[in-house]
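These notes are about the structure you will find just below.
Nothing in this text is a laboratory measurement; each read-out follows from the coordinates by a stated rule. Please read these numbers as outputs of a predicted model, since none were measured by experiment. Virtual Cβ from ideal backbone geometry, glycine too; neighbours counted across all protein chains shown.
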Amino acid sequence: MPFGNISVILVEPEHDENIGSVARAMANFSFKSLILVNPKADHLSIPAKSRAMHGFDVLKNAKLCNSLEKAIKDFDFTIATSAKLSHGRKIKRVAISAEECAKKFSGSKAKFAIIFGPESSGLGNRQIALCDMLVHIPASEEYPTLNLSHSAAIILYEFAKRGREAISGIPARKETKETLLSLFKKLMDCSRPRIKNKPETFRSFRAMLSRSLVAEKEAKSMIAVFSGVLKNSCREAGVLPSNGIAMKRLKRKRA
């Protein structure tokens, strides 16, 4: 059964053959949508076609984008991949396994993308920060970096293995998650005492939200709670949540 809601994004792929091999792996597991971001290689070259074999349709229909931001703008969830981990020191580098990720998304109708970086360097911190979660394939500590197409094949296999298992609840839509994150930012602004490291706190909340794969109904419940807390917190802090204007100043003007 084709996985029409799942796309593979290759960021600045460097070798024709690797793009072709990824296309072949995608065809093996019934994935059809391939997006290439600023490719450094030719996905329609003879070497790419020879590696793709019966995955040539994936190459032929691949979409091209000049930035990762544009490539992911229409997806509900984005999954970055990396061989480099932080072991808790950096929030953006805290990863889950491919198996765990596939289990979270099994049966989901949400539109999401699995993102792979350049062969020579992988995804950078800025690119990973754009994504909802990070996936890692456990490998040898002495040589943890896998070939691009091998990584893609392993992760796609995990998703294909899960097939269309039922999922409890409908995953939150992108717009709903953005509303929730926006409210959290406003809560931090109204917090007393002030939060010292807002960017890191926000990244922690965003990472937790992504790894939990919050349902639409759950996200809306959190939005309702956050909205109520925000209203009370900002009133106590003397700030309007809508535009940040001090309430005390407004009262003086009215007087």
Spelling it out for Ala215: with amide H atoms placed in the peptide plane at 1.01 Å from N, the residues 5 or more places away or on another chain with amide H under 5 Å from its amide H are Ala172
Counting lysine pairs in region 108-209 that sit 8 or more positions apart or on different chains, with Cα atoms under 27 Å apart, gives 19
Here region 53-59 yields Karplus 3J(HN,Hα) values (6.51, -1.76, 1.60; θ = phi - 60°; whole Hz; Gly and Pro given as x) of 6, 6, x, 4, 4, 5, 5
In Å³ and rounded to a whole number, note down the convex hull volume per residue for the Cα atoms of region 184-225. 67
Taking 30 Å as R0, compute the FRET efficiency from the Cβ-Cβ separation of Asp42 and Phe202 and round it to 0.05. 0.15
Only loop residues by DSSP count here, and only those with at most 12 other Cβ atoms within 10 Å; note down the GluC sites (Glu not before Pro) in region 104-157 that meet that. Glu141, Glu142
Cβ-based exposure ranking for Ile19, Ile35, in which fewest neighbours within 10 Å come first: Ile35, Ile19
In nanometres, what is the gap between the two model label sites at Leu64 and Asn5, each 7 Å from Cα along Cα-to-Cβ? 3.1
By average Cβ neighbour count within 10 Å, what is the ranking of 190-196, 77-83 from highest down? 77-83, 190-196
Answer in debye to the nearest 20: the dipole magnitude of region 8-132 about its Cα centre, from +1 Lys/Arg and -1 Asp/Glu charges placed on Cβ, is 340
Relative packing of 123-131, 221-229, which averages over residues the other C-beta atoms within 10 Å, highest first: 123-131, 221-229
